[in-house]
1. Against the longest alpha carbon principal axis of the chain, how many degrees, from 0 to 90 and to the nearest 10, is the axis of helix 112-123 turned?
2. Could you pull out every residue, at least 5 positions away or on a different chain, whose amide H is within less than 5 Å of the one on GLY6? Hs are placed 1.01 Å off N in the peptide plane, and Pro or chain starts have none.
3. Pick from ALA64, ALA35, ALA113: which is most flexible by mean-square fluctuation in a GNM of the chain where alpha carbon atoms under 10 Å apart are linked?
4. Binning every alpha carbon pair distance of the range 1-145 at 5 Å from zero, what are the percents per bin?
5. Relative to the longest principal axis of the chain, what angle (0 to 90°, nearest 10) does the C-alpha long axis of helix 94-106 take?
6. Probe of 1.4 angstrom, ligands and nucleic acids ignored: what's the accessible area per residue over the range 76-125, in square angstrom?
7. Hey, if we sort GLU131, GLU117 by accessible area with the 1.4 Å probe, largest down, what's the order?
8. Can you give me the relative contact order of the chain as a percent, contacts being Cα pairs under 8 Å and 6 or more apart?
Amino acid sequence: MPALTGLGSPHWDPHARGTIVGLTRGSGRAHVARAALEAIAYQTVDAVRAIERATGEPLRELRADGGASTNSWLMQFQADVLAIPVVLGRLPETTALGAAYLAGIGAGQWTLADLREADARLAAQQLRRFEPQIDDAQRAALLAGWGDALARARSGHA
């Protein structure tokens, strides 16, 4: 549970503490690294579910980008725990693209219409698609474990 400064959205608990639950003598660095990747996916599930509750609309697929999206294991795990496809575009760093777009507009090189057209072309280019591969029972067990870890981090009884 990466709550070193508390938990943000959707939990909003500044008193929660970071924890690693389930370590044994056989646990090593690889287990801690995997726990960190799993936490990214579980926190994304929490955020997506909060958005779905707020909008009343289920998410049909998750489009991922950024450095973590280059980790195929994480993207597959994300699809598994969300129970929806995770889609990667051709450009893994859209934040940098957005900054370039703004610079181009500011310099008078592009218009918003140009950028909408370019963005539509990029959105249509899928690099990879990760489909959920686990069943509902496995997903429920994984999410229950996350819920337990979340409760421990919030109560201070890790």
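1. 50
2. Correct list: GLY18.
3. Result: ALA113 has the largest fluctuation of those listed.
4. 2, 8, 14, 16, 18, 16, 11, 8, 4, 2, 1, 0, 0
5. Result, in degrees: 30.
6. Accessible area per residue: 57 Å².
7. Putting GLU131, GLU117 in descending order of accessible area: GLU117, GLU131.
8. Once normalised by length, the contact order is 27 percent.
The values are calculated or read from the model by the stated rules, or taken from the named source; none is laboratory data. The model shown is predicted, which means the values in this text are computed figures rather than measured ones. These area figures cover heavy atoms from the full protein model, side chains too; ligands, DNA and RNA do not enter into them. Shrake-Rupley method; radii C 1.70, N 1.55, O 1.52, S 1.80 Å.
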